[in-house]
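Reviewing the structure listed below.
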Amino acid sequence: MTTMTLQVPAALEKEHDETVRFLAAKLYEAGKLTLGQAAEMVGMKKWDFAEVLIDYGVHYFDASAEAAINDAKGL
């Protein structure tokens, strides 16, 4: 993982963890991250993160077959 600095409104300062979960969920939804990568981004196990997806209206099974295979291989 790498660190990225993101400028956000001051109102989100107290919502750091939720903001990171939201970004990870939406990056997963967009196909930019695998489930494992998104879970790692928020410091969760992937099966626990799959439950977080529900909070943001992201469907776990929307990922492509290739992404699911790579995730299972740990890539």
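Since every read-out is calculated from the coordinates, none of them should be taken as a lab result. Not measured: the values here are computed from a predicted model. Counting neighbours? That spans all protein chains shown, and the Cβs are built from the backbone with ideal geometry, glycine included.
Quick look at the values:
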quantity	calculated
Fewest-first ranking of Leu23, Leu53, using other Cβ atoms within 10 Å as the exposure measure	Leu23, Leu53
Test item: Cα-centred dipole of the chain, Lys/Arg +1 and Asp/Glu -1 on Cβ, debye	200
Using θ = phi - 60° and Karplus 6.51 cos²θ - 1.76 cosθ + 1.60, couplings along the range 2-7 (whole Hz; Gly, Pro as x)	10, 9, 10, 9, 10, 8
Square roots of 5 times each gyration tensor eigenvalue, C-alpha, the chain, largest first, Å	23, 13, 11
